[in-house]
């Protein structure tokens, strides 16, 4: 748990933390379960010939109320590459088809398991690695407010700056705060629609 307490209360928290919204997350998981795992199966078959690389990438992230959880992604970086455990990478660090998986956000598909486990939602602030989270929590006012909601696979801040890195956390914060203030079923639907349009 983070030792830094959130600085504000947001009216939308009743919606964000409701059983109703949790039910919508699970419903969407059920709808997407077969197509998501069909794609993951094809990716797995396509990586059988690539040695010395595991299929999944698992990393600690900070979730709601500062709790640490393990996020699941498809591996796009070579396990034996010097940058495999760093936070940023170049195209030269990627596995074959790694840029394709990232371009279409297919590397995020395993996070459907995080959603089912209740560690993430489909929509919310992007979860940070502990190192960057604790640094930002100390240096950036109101940064810990992001942890009032479940982290998301997509979100308002992700749409506003889809190519943001850890160095852009302060610039992304106003978009996360906007979402916390205005979260609703209507806004969530808008975020999902705009996410799909970006991937087209």
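None of the figures in this text is laboratory data; all of them are computed from the coordinates on show. Keep in mind the model is a prediction, meaning the values are calculated, not measured. Cβ placement follows ideal geometry from the backbone for every residue including glycine, while neighbour counts extend to all protein chains displayed.
Measure nothing fancy, just the Cα-based angle from helix 169-182's long axis to the longest principal axis of the chain, in degrees from 0 to 90, nearest 10.
60
For helix 130-139, what angle does its Cα long axis make with the longest principal axis of the chain, in degrees from 0 to 90 and rounded to 10?
30
What percent antiparallel are the DSSP beta bridges of the chain, to the nearest 5?
Close to 80 percent.
Candidates (1) 16.8, 51; (2) 17.7, 55; (3) 21.8, 82; which is the computed Rg and Dmax of the Cα atoms in Å?
The calculated read-out lines up with (1).
How far apart, in nm, are two points set 7 Å out from the Cα along the Cα-to-Cβ line at residue 32 and at residue 135?
Distance between label points: 3.0 nm.
What is the gain in length, in nm to one decimal, between residue 185 and residue 11 on full extension, counting 0.36 nm per residue of separation less the C-alpha to C-alpha distance?
Working: separation 174, 0.36 × 174 = 62.64 nm, distance 1.39 nm.
Taking residue 185 through residue 11 to full extension adds about 61.2 nm, to one decimal.
Classify region 148-191 as rounded, prolate or oblate from the Cα gyration tensor: take a ≥ b ≥ c as the square roots of its eigenvalues, call it rounded if a/c is under 1.5, otherwise prolate when a/b beats b/c and oblate if not. Spell out each step's value before the answer.
Working: a/c = 2.01, a/b = 1.63, b/c = 1.23.
Since a/c reaches 1.5 and a/b is larger than b/c, the shape of region 148-191 is classed as prolate.
For region 103-152, calculate the relative contact order in percent as a whole number, restricting contacts to Cα pairs under 8 Å that are 6 or more residues apart.
Over region 103-152, the number comes to 45 percent.
What percent do you get for the relative contact order of region 13-198 when only Cα pairs under 8 Å and 6+ apart count? Could the numbers behind the result be given before it?
On the way: 229 pairs, mean separation 40.9, N = 186.
This gives 22 percent for region 13-198.
Report the label-to-label distance for residue 54 and residue 39 in nanometres (one decimal), using points 7 Å from each Cα along the Cα→Cβ vector.
Computed distance between label sites residue 54 and residue 39 equals 2.3 nm.
Rounding to the nearest 10 and keeping the result within 0 to 90°, find how far the Cα-based axis of helix 185-198 lies from the longest principal axis of the chain.
The two axes meet at around 30 degrees.
Sticking with the crude label model, points 7 Å out along Cα→Cβ, report the distance from residue 70 to residue 160 in nm, one decimal please.
3.4
Determine, for each peptide in 68-77, 183-192, 25-34, the mean count of other beta carbons within 10 angstrom over its residues, then list the peptides with the highest first.
68-77, 183-192, 25-34
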